[in-house]
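Below is one structure, written out as structure tokens; comments come after it.
Values in this text are rule-based calculations from the coordinates and carry no lab data. Note that the structure is predicted; figures quoted are calculated from it, not measured. Cβ placement follows ideal geometry from the backbone for every residue including glycine, while neighbour counts extend to all protein chains displayed.
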Amino acid sequence: MTPSLPTGLTDVAASGRIVSRREVLAAVGGAAGVSWSRADAPSVADAAADTSVQVRVYSGPLPLRLRLPNAVAGSGDWPPSLRDATAAVEDAITQVLDYARERSRLESLEITVERAGSIQLSRSAVQRPSDAVVPSLETVLDGFHRRLRERDALTGSTCHLLLCWEPLNYQVGYGGTLSPNAHVGDDADGSPGDALTVANVGASEVWDSRDVTRNMAIHETLHTFLSSDVVEAVGDSPCDHDLGAAIRTADETLHVSPMASAYAGRNEIGSGTRFHGTGCYDHEAFHRHGGTDGVENWTHTTELSEATLEGATRYLERTVGP
């Protein structure tokens, strides 16, 4: 989940916003079960009263060069990279619910995906002197958790996704989540709990591409809906990255799904993503993997593998019921 990043960068130009599959379906009245808000999210109490599970997306501090063009254009302070990442998460949740309902499962479940505005992280209780320059993932998540408690935003059934812009933070890397707040509705002690996760949009945008940004936002969100026992029951491996797929679409091209992103390539710079993940993975245990011999081109799809869809469905069935 956490690849290392070197110092030195050249910012990349942000691309325009795409329209997600969910938005197309919503326009014609389809895909019931997922709610979406472009404005700041409603209160947690209102959301909890209407749905079983929520995904709330927050923006961390952004450089002025990213905020200013959007403010001038009247589109708020979220740049296209964050808006596209949020839309990708929303589409992934729709895929899970579509998969489940096609099989007469999770028919009464609703999941909201909401943009919850910007957030300044609280000072972390676990902060070390070195964190003042390059905060660790533990420090970022602890500060995020403290701020959510201050906002009274913890419901027991919410995934809180922080989109941060820290392209030089090698300790956070592309992002991640940590116990005891790693899974929605399932604390380490067995009691209901919220999950916190981070996607480092700054890293994927600067070092990779918008396609990687979308996939890593989905990747880090789905970690909170894939526990090791459920993953092992689906894929014979407790590592949720192994539920991903990397499919050859040509002799030299591999097409990578979200849970395989940062783990599908060779463990070297520039293979799949600029930096390889440091979490668990085994290409032979992937849902599908076409091998990396001779691969020079890497493309990325937001479409989830069947194993990922099944794993998330089983987790939701266990956590919130049919």
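In the P(r) worked out for segment 143-227, what percent of Cα pairs fall beyond 16 Å?
So the pairs more than 16 Å apart make up 51 percent of the total in segment 143-227.
What's the local net charge at GLY277, with K and R +1, D and E -1, over the other residues with C-beta under 14 Å away?
Result for the local shell: -4.
Can you figure out the FRET efficiency of ILE269 with ALA233, using R₀ = 30 Å and their beta-carbon distance, to the nearest 0.05?
0.30
Of all the C-alpha pairs in segment 231-305, what % are more than 17 Å from each other? It would help to have the intermediate numbers written out before the result.
Values: 977 of 2775 pairs.
In whole percent, the long-distance tail amounts to 35.
I need the peptides 138-145, 97-104, 53-60 ranked by packing, meaning the mean over residues of other C-beta atoms within 10 angstrom, with the highest value on top. Could the numbers behind the result be given before it?
Numbers: 138-145: 22.5, 97-104: 15.8, 53-60: 24.0.
Ranking the peptides 138-145, 97-104, 53-60 by packing returns 53-60, 138-145, 97-104.
I'm a student and want to see the number: the projected area of the Cα convex hull of segment 158-303, averaged over all directions, in nm². Please report the intermediate quantities before stating the final value.
Working: hull surface 32.7 nm².
Mean projected area for segment 158-303: 8.2 nm², to one decimal.
Mind giving me the FRET efficiency for THR249 and GLU102? R0 is 30 Å, r the Cβ-Cβ distance, nearest 0.05 is fine. All intermediate terms of the calculation are to be shown ahead of the outcome.
Values: r = 25 Å, r/R0 = 0.84.
E between THR249 and GLU102, to the nearest 0.05, is 0.75.
Give me, ordered by chain and number, the residues 5 or more places off GLY175 or on other chains with an amide H under 5 Å from its own placed amide H.
Excluding prolines and chain starts, which carry no amide H, the hits are ASN200.
What is the list of residues in segment 242-258 whose amide nitrogen lies under 11 Å from a point 7 angstrom out from the Cα of ALA285, following Cα to Cβ?
Of the residues in segment 242-258, 242-243 have backbone N under 11 Å from the label point off ALA285.
Which ³J(HN,Hα) values in Hz, rounded to whole numbers, follow from the phi angles of segment 271-282 under the Karplus curve 6.51 cos²θ - 1.76 cosθ + 1.60, where θ = phi - 60° and Gly and Pro get x?
Working through the residues one at a time gives 10, x, 10, 4, 10, 8, x, 10, x, 6, 5, 8 Hz.
Length gain on complete extension for the stretch SER122 to TYR170, per 0.36 nm per residue less the alpha carbon to alpha carbon distance?
Length gained between SER122 and TYR170: 15.2 nm.
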